[in-house]
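Notes for the one structure printed next.
Each reported figure results from applying straightforward, stated rules to the coordinates on display, with no laboratory input. All values reported here derive from a predicted model rather than from experimental measurement. Please note: Cβ atoms are built from the backbone with ideal geometry, for glycine as well, and neighbour counts cover all protein chains shown.
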Amino acid sequence: MSNEQINCAVDANVAEEFYNKYDFTYSLDQEPDLVIMELSAASVNEWIWLAEGDLAPSFRNRHFVALITNEVFQADYLPHAIDLPFLRQQNMIYYRETAVSRLHLESWQNPRLN
């Protein structure tokens, strides 16, 4: 296979998988096992509270507000947080209930920080 053929094959694969990463409806329709938030548990809860009220329009376009207000996220992921103190303080990780057996959640633990 020539380099040109390889590049075309790679480009075709990329084109198939490339989408707007902030299109949460599309992303969650793919049923990922995990959703990793760049927010602590307290921040997620605060943004949920704000989103339920009359949130200023400038906040509504933030990607994490779009995610936490997404109906699929609220139904399938939000109730299933990995409940480790380190994660609750740093970055929340939510899982899809149907992925429990693949994730081996019982073996997850806080990191040992020295």
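Treat each spin label as a single point 7 Å out from the Cα along the C-beta direction, and report the residue 104 to residue 23 distance in nm.
3.5 nm
Give the order of 94, 26 when sorted by the count of other beta carbons within 10 angstrom, beginning with the fewest.
Least to most surrounded, the residues fall as 26, 94.
Assuming a ≥ b ≥ c are the square roots of the Cα gyration tensor eigenvalues, decide whether the range 75-114 counts as rounded (a/c under 1.5), prolate (otherwise, with a/b larger than b/c) or oblate.
Verdict is oblate for the range 75-114.
Which ³J(HN,Hα) values, rounded to whole Hz and listed in residue order, are derived for the range 23-32 from phi using the Karplus coefficients 6.51, -1.76 and 1.60 in 6.51 cos²θ - 1.76 cosθ + 1.60 with θ = phi - 60°, glycine and proline given as x?
8, 5, 4, 4, 4, 6, 5, 7, 6, x
Tell me, 35, 44, 65 in order of fewest to most beta-carbon neighbours within 10 Å?
In increasing order of surrounding Cβ atoms, one gets 65, 44, 35.
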